[in-house]
1. Which loop trypsin sites (Lys or Arg not before Pro) in the stretch 128-188, with loop taken from DSSP, have no more than 16 other Cβ atoms within 10 angstrom of their Cβ?
2. With Cβ to Cβ distances under 14 Å as the rule, what net charge do the other residues near residue 14 carry (K, R +1; D, E -1)?
3. Starting from the Cα of residue 159, draw a straight line to each of the aspartates and glutamates and keep only those under 18 Å, dropping any in the same chain fewer than 8 residues away.
4. Would you please state the base-10 log of I(q)/I(0) at q = 0.16 1/Å for the stretch 18-101, with intensities from the Debye formula using one equal scatterer on every alpha carbon?
5. First select every other residue whose beta carbon is under 11 angstrom from the beta carbon of residue 242; then total the charges, Lys and Arg +1, Asp and Glu -1.
6. Stretched out fully, how many nm does the piece from residue 33 to residue 178 gain, at 0.36 nm a residue minus the Cα gap?
7. Using packing as a proxy for protection, rank 209-221, 245-257, 21-33, 117-129 so that the peptide with the highest average count of other Cβ atoms within 10 Å comes first.
8. Quick check: pseudo-label points 7 Å beyond the Cα along Cα→Cβ at residue 306 and residue 64, how many nm apart are they?
Amino acid sequence: MIKPALTVLLASPRGFCAGVDRAIQIVERALETYGAPVYVRHEIVHNRHVVGRLRALGAVFVEELDECPPDRPVVFSAHGVPKAVPAEARERKMLFLDATCPLVSKVHVEAQRHFEEGREIVLIGHAGHPEVVGTLGQLPDGAIHLIETVADARAYAPKDGDNVAYVTQTTLSVDDTAEIIETLRARFPGIAAPFKEDICYATTNRQDGVKAVAARAEVLLVLGSANSSNSVRLAEVARRAGVRASHLIDSADALDFAWLEGARVVGVTAGASAPEILVDGLIARLAERYDVTVEHVEVARETVSFKLPRALDVAVG
Ligand code: 2E6
Ligand code: F3S
């Protein structure tokens, strides 16, 4: 049977960012150093495949510290933790490794600085996301006001509008956030902004990649898990850029060929927590039905890498 032709536009950069790579390595190194089980507070990164693989190697995923025995190491996820978490671990004399992405830690430091300098702080982000919980938890309750939408930015009522600062979650939609910031700036022209964007390089580049692919593709497939904020944003960005449909899938197994009916050009990308093996699997599955030509669409080159914590050489606590 002759297979129909399908062009796959493969966005680049896609998949693992430097913070995810580091966080996974921290769990792997902890398992090598201390043996199993190593506890991990929250999914190390929001990806089913990554979590499943580490679980098979001996990682035990829990949501709270009180689910960990005091005599086993615990790793904090890449999304960051409220200050109370390491404080509790220290109190219980636990061995802990912090896999918080350095770009999330940068936001924590910024919020702390604004607080010390007496500013009222706005965090732009999604309620309930662990990164947001972690950033809010850097400061006393009520010190940071969470804003999710333009409507929230319009309604925000600080005590002193001349003394406000904002920080953001790292994985937001670049375009939606720009609108929220514009709204805040219009209302509070002196609002203090991050020295360098809080939305991270990986989020920005992956969204730019989707826009480039969406200009030519009819359908976009995003590899990533449903709880991965940056991956969800990629599917949204594609829809907004005008693709017929975009689908976030955990792996090739979730692909429904009906989505591709009549399509000749399909875009493929992967969220910052999705391993490349999933992309390979998806292309292999597409090739079962189509005569696939892969075309790379590169919008940026990434060279960022983060060092592992010294704590992996020296026991911490
Ligand atoms: C930590 C901070 C930002 O849901 P989200 O996109 O935040 O998380 P992951 O684990 O899917 O992506 C990596 C990451 C970790 N992003
Ligand atoms: Fe860090 Fe951005 Fe990745 S905040 S974990 S580099 S998506």
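1. Sparse-neighbourhood loop trypsin sites (Lys or Arg not before Pro): 159.
2. -3
3. Hits, sequence-local ones excluded: 116, 117, 120, 141.
4. With no solvent term, the Cα-only Debye profile gives -0.51.
5. Working: positive: 211, 216, 239, 240, 244; negative: 218.
Net of charged neighbours comes to +4.
6. So the chain would gain 47.8 nm between residue 33 and residue 178.
7. My ranking of the peptides, most packed first, is 209-221, 21-33, 117-129, 245-257.
8. 2.6
Bear in mind these aren't lab numbers, they're just calculated from the coordinates by the rules spelled out. The shown structure was predicted, so the numbers you read here are calculated from the model rather than taken from an experiment. In this analysis, Cβ positions are derived from the backbone assuming ideal geometry, glycine residues included, and neighbour counts consider all displayed protein chains.
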